[in-house]
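The values are calculated or read from the model by the stated rules, or taken from the named source; none is laboratory data. The model shown is predicted, which means the values in this text are computed figures rather than measured ones. Here the Cβ positions follow ideal geometry from the backbone for every residue, glycine too, while neighbour counts run over all protein chains shown.
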Amino acid sequence: MILFRQMVFKFALLLFCLLLFSCAVKTRKKSDDEYYFSGKNEWGNMAKDFKYPVELEKRIEDFLGIPYVWGGNNSDGLDCSAFVKQVYEIYGFDLPRTSVLQSKLGIKIPREALLPGDLVFFGEVDKDSVTHVGIYMGGNKFANATTSEGVKYSNLNESFFFSKYLFAKRLGF
């Protein structure tokens, strides 16, 4: 009987120590690579509840063909972040002027969950540095201000954009 009590006591002591140790372990800090939503059903519900911004495509058509000008901010020439900033004014968003600052807004969206209106960011993948932004339109198409052709639609699967894709963000509508 004494042997049984000693075994129970040792087991209880071991269990207590394990519980105590598990409480002392630091929890992992949420990284930037984790998404606000992670479950398949959550993404499905978001997509179902999403109201496609009908005005978005019409608004973008007003900018198509405007030439690219670094630092440009009017119809004579735009850069990528000025284009995005001006398009989003229709929704009452006062976005920051640079793509780097725009990339800090909203919630991160996995590529397979992109919806029209999400912002897509590009840059140096190995440095994770944002250098370009566009507006996703669906079907791998996005609107952006390119240095070679000005404001136009591009495809996420084009080799240049595919290799420079960093992440996407969703702003609240």
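Structure data summary
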read-out	value
Hits in the range 120-148 - residues which are assigned to a loop (DSSP other than H, G, I, E, B) and either among the small types (Gly, Ala, Ser) or closer than 18 Å to Gly71 by Cβ (or both)	Gly139, Thr147, Ser148
Within the range 89-114, considering residues that are assigned to a loop (DSSP other than H, G, I, E, B) and modelled with pLDDT under 90, the one nearest to Ala168 (Cα to Cα)	Phe93
Conditions (1) more than 21 Å from Glu55 (Cα to Cα); (2) more than 18 Å from the chain's Cα centre (by Cα); number of the one not met by Gln86	(1)
Where Gly172 falls short, out of the listed (1) over 20 Å from Arg59 (Cα atoms); (2) within 13 Å of the chain's Cα centre (by Cα); (3) touching a residue at least 12 places away in the same chain (Cβ under 8 Å)	(1)
Residue within the range 151-170 that is among the β-branched types (Val, Ile, Thr), touching a Ser or Thr at 6+ places or on another chain (Cβ under 8 Å) and either part of a loop (DSSP other than H, G, I, E, B) or modelled with pLDDT of 90 or more (or both) present	no
Subset tally (residues that are under 13 Å from Phe167 (Cβ atoms), loosely packed, with under 15 Cβ neighbours inside 10 Å and basic (Lys, Arg)) for the range 82-141	2
